[in-house]
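Participant: Supplied in structure tokens, the structure appears directly below.
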Amino acid sequence: MSEETASTEDQSVGPDKDFVEYVVKSIVSQPEKVSVTRSVDSMGVLLTLQVSKEDMGKVIGKSGQTAKSVRILLRVIGAKTNTRINMKIVEPEGGEVKMGELDDETAEKSVLDEPDLEI
């Protein structure tokens, strides 16, 4: 069985997935919650990364530099096999506060709620 035939049979494994799992598990404080899924379509390979809410900052890094670096290295891995590899980081539950979901105590005050300023 050739290497190409093996890759078309089971597309959920690959060196790119192993690389992302290894790097991310080395960075985070809860490696058991790291999950990487791999899917292949006409656009290339898509790796979907899920980590715990507490580890999102470590994976993304300051100004997104850590995630950007991992994506660059994935491009290098893809260049070896002439494959386009993308990584998507899934935001965990409760990771973002959307408008209208703030508690009444922490809700931001409108300028209209403040008393008029006296001159």
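Participant: Tell me which of these LEU47 doesn't satisfy, since it passes every other one: (1) within 17 Å of LYS17 (Cα to Cα); (2) in a helix (DSSP H, G or I).
Facilitator: Condition (2) is where LEU47 drops out.
Participant: Restricting attention to segment 24-47, report how many residues are surrounded by 16 or more Cβ atoms within 10 Å (Cβ to Cβ) and closer than 22 Å to THR83 by Cα.
Facilitator: Residues flagged as surrounded by 16 or more Cβ atoms within 10 Å (Cβ to Cβ) and closer than 22 Å to THR83 by Cα within segment 24-47 amount to 5.
Participant: Which condition number does SER63 fail, the rest of (1) closer than 27 Å to GLN30 by Cβ; (2) at pLDDT below 90; (3) polar (S, T, N, Q) being met?
Facilitator: (2)
Participant: Of all residues in segment 71-95, how many are in contact (Cβ under 8 Å) with a residue 12 or more places away in the chain and in a helix (DSSP H, G or I)?
Facilitator: Narrowing segment 71-95 to residues in contact (Cβ under 8 Å) with a residue 12 or more places away in the chain: 71, 73-74, 77-78, 83-95.
If we keep only those that are in a helix (DSSP H, G or I) too, we end up with 71, 73-74, 77-78.
Matching residues across segment 71-95 total 5.
Participant: Restricting attention to segment 70-111, which residues are modelled with pLDDT under 85 and among the hydroxyl-bearing types (Ser, Thr, Tyr)?
Facilitator: Those that are modelled with pLDDT under 85 and among the hydroxyl-bearing types (Ser, Thr, Tyr): THR106, SER110.
Participant: Within segment 14-70, count every residue that is without any contact (Cβ under 8 Å) to a residue 24 or more places away in the chain and of a type in the set (Ser, Thr, Tyr).
Facilitator: 6
The values are calculated or read from the model by the stated rules, or taken from the named source; none is laboratory data. Keep in mind the model is a prediction, meaning the values are calculated, not measured. We place every Cβ from the backbone using ideal geometry, glycine too, and count neighbours over all the protein chains shown.
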